[in-house]
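Worksheet: the structure to be examined is printed underneath.
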Amino acid sequence: MHESIELKSSRTGRVADAIANTLPPKSAPDWKPQPCGLSREELRRIVRKMLG
């Protein structure tokens with residue numbers, strides 16, 4: 001997901017490193033969401049309502 005980027009200055013490199021260090025860790029490949037007790041149709045309705 002992260003691509004290697006050629007950096008033009010050491011300051012840019014430090015800024016890029018700082019940004020990379022603040023990103024949340026990647027989740028495990030076998031991660032699954034907690035069940036919320038809602039059906040797919042109920043979730044779709046909620047998303048539709050949120051998106052307008």
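Worth pointing out:
- Index of the failed condition, Gln34 passing every other in (1) modelled with pLDDT of 75 or more; (2) surrounded by 10 or more Cβ atoms within 10 Å (Cβ to Cβ); (3) among the polar types (S, T, N, Q): (2)
- Odd one out for Val15, checked against (1) modelled with pLDDT of 70 or more; (2) surrounded by fewer than 10 Cβ atoms within 10 Å (Cβ to Cβ): (2)
The values are calculated or read from the model by the stated rules, or taken from the named source; none is laboratory data. Just so it is clear, the model here is predicted, and its values are computed rather than measured. Every residue, glycine among them, receives a Cβ derived from its backbone with ideal geometry; neighbour counts consider all protein chains shown.
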